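Here the structure is laid out as structure tokens; the discussion comes afterwards.
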Amino acid sequence: MKDMLIICKYRHHYHALSSLTKPVRQAFFNQFKTVKHLTLIPIPVSDERMEERLFNQATIISAMIPRPVFFGLKRHHQEKQAKKNRKQRLQTPNPFYLDPHLPLPTGPVVLIDDVYTTGTTLHHAANVLAEAGIEAIYSFTLAR
């Protein structure tokens, strides 16, 4: 998985993830089979990172799962998480905010990301959503 994510994220071969569609769907539906009316929220990349990478791996993963997707979670630009050690990651200020022009999803949401390292990214995103009134927040990642 590590090699595949390196190929995808840093060598810009995002199509490498397409081979995971069936196992991603299966894992997702196994994990959330009892939760109804889920909306997916891919962890966003900043506009600057999108210009650099040209894709968001969390959005690609979300597209593998046939559920509604909310793109109203946004991210301020920061140094790449991969360049930080554990202590630096845990001390990172919250980069996320909600687009005030988009209505929030109703019902439970699932944050989608590629890798869970310290949990800081998911916790920051979940905090923004919880402060906005979303009560049921789950996460789904490819690797830990």
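Bear in mind that the values in this text are calculations on the coordinates, not laboratory data. Please read all numbers here as calculations on a predicted model, not as lab measurements. Heads up, the Cβs are rebuilt from the backbone with ideal geometry, glycines too, and the neighbour counts pull from every protein chain shown.
Observations, loosely collected:
- Qualifying chymotrypsin sites (Phe, Trp or Tyr not before Pro) in region 73-144, where qualification requires a DSSP coil assignment and no more than 16 other C-beta atoms within 10 Å, comprise 116.
- The chain - mean residue ellipticity at 222 nm from DSSP helices (-39,500 (n - 2.57) per run, n ≥ 4, rounded to 500): -10000 deg cm²/dmol
- By DSSP, the beta bridges lying fully in region 20-143 are antiparallel in about 20 percent of cases.
- Efficiency of FRET from Cβ geometry, residue 74 and residue 39, R₀ 22 Å, rounded to 0.05: 0.85
- The modelled label-to-label distance between residue 54 and residue 67, using points 7 Å beyond Cα along the C-beta direction, is 3.0 nm.
- Prolate/oblate/rounded call for region 77-144, Cα gyration tensor, a/c under 1.5 rounded: prolate
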